[in-house]
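**Student:** One structure is given below, represented as structure tokens, and several questions about it will come after.
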Amino acid sequence: MAAAHDREVDDHAKGRIISDAPLSRPVPVSLRYDPAFTPATVRFCFPGPVEWSFPRALLETGLRAPTRRGDIGVWPCGRVQTVVELHTEEGVTVVQFDTTALLRFLRHTYAAGASMTTH
């Protein structure tokens, strides 16, 4: 039987903050999933105390077609990039990811969920 921490997913991805500035700036993002705590939710953790939680289905749908739920939008950008748009009272943050990193993360979340049901 796997230990509880074995089912949690903590992947790392490099995002790019997209802004009006001439160059985008890279940002490390921890992509987290805990099927024991929130089986339908993923978390994107940015440097500092910034964390966004949203439905895993929103991320999955947004890889194929533009989608939005509340303050979060996700859409494909070309064939190899995905954009995540986060709205707050202070403004909007737009982060671009390699789609392969997000697909890998989603695969890990489904594998973690499957291990929960088989143990």
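**Student:** Suppose we filter Val80, Val42 for residues that are modelled with pLDDT of 95 or more and open to solvent by less than 40 Å² (accessible area, probe 1.4 Å); which single one remains? Write out each step before concluding.
**Tutor:** Numbers: Val80 fails: open to solvent by less than 40 Å² (accessible area, probe 1.4 Å).
Every option except Val42 fails the conditions.
**Student:** Return the residues of segment 42-57 that are of a type in the set (A, V, I, L, M, F, W, C), closer than 15 Å to Tyr110 by Cβ and touching a Ser or Thr at 6+ places or on another chain (Cβ under 7 Å); say none if nothing qualifies. Break it down stepwise before answering.
**Tutor:** We begin by selecting, within segment 42-57, every residue of a type in the set (A, V, I, L, M, F, W, C); these are 42, 44-46, 50, 52, 54, 57.
Filter once more, so that each one left must be closer than 15 Å to Tyr110 by Cβ: 42, 57.
Scanning segment 42-57 gives a single hit, Val42.
**Student:** If you take the residues of segment 92-110 that are free of Cβ contacts under 8 Å to residues at least 12 places away in the same chain and part of a helix (DSSP H, G or I), which of them is most open to solvent (accessible area, probe 1.4 Å)? Break it down stepwise before answering.
**Tutor:** Pass one, segment 92-110, residues free of Cβ contacts under 8 Å to residues at least 12 places away in the same chain: 92, 107, 110.
Checking the rest, the ones that are also part of a helix (DSSP H, G or I) come to 107, 110.
Numbers: Arg107: 150, Tyr110: 100 Å².
Result: Arg107.
**Student:** Out of all the residues in segment 45-55, which are under 18 Å from Leu102 (Cα atoms) and either crowded, with 17+ Cβ neighbours inside 10 Å or of a type in the set (A, V, I, L, M, F, W, C) (or both)?
**Tutor:** Cys45, Phe46, Trp52, Phe54
**Student:** Is there a residue being touching a residue at least 60 places away in the same chain (Cβ under 8 Å) and of a type outside the set (Asp, Glu) anywhere in segment 59-74?
**Tutor:** We begin by selecting, within segment 59-74, every residue touching a residue at least 60 places away in the same chain (Cβ under 8 Å); these are none.
No, segment 59-74 contains no residue that is touching a residue at least 60 places away in the same chain (Cβ under 8 Å) and of a type outside the set (Asp, Glu).
**Student:** Hey, can you tell me all the residues within segment 68-91 that are among the acidic types (Asp, Glu) and within 17 Å of Arg43 (Cβ to Cβ)?
**Tutor:** Initial filter on segment 68-91 (among the acidic types (Asp, Glu)): 71, 85, 89-90.
Hits for segment 68-91 are Asp71, Glu85.
The values are calculated or read from the model by the stated rules, or taken from the named source; none is laboratory data. Computed from a prediction, not measured in an experiment: that's the story for all the values here. Please note: Cβ atoms are built from the backbone with ideal geometry, for glycine as well, and neighbour counts cover all protein chains shown. Ligands, DNA and RNA are excluded from the accessible area calculation, which covers all protein heavy atoms including side chains. Shrake-Rupley method; radii C 1.70, N 1.55, O 1.52, S 1.80 Å.
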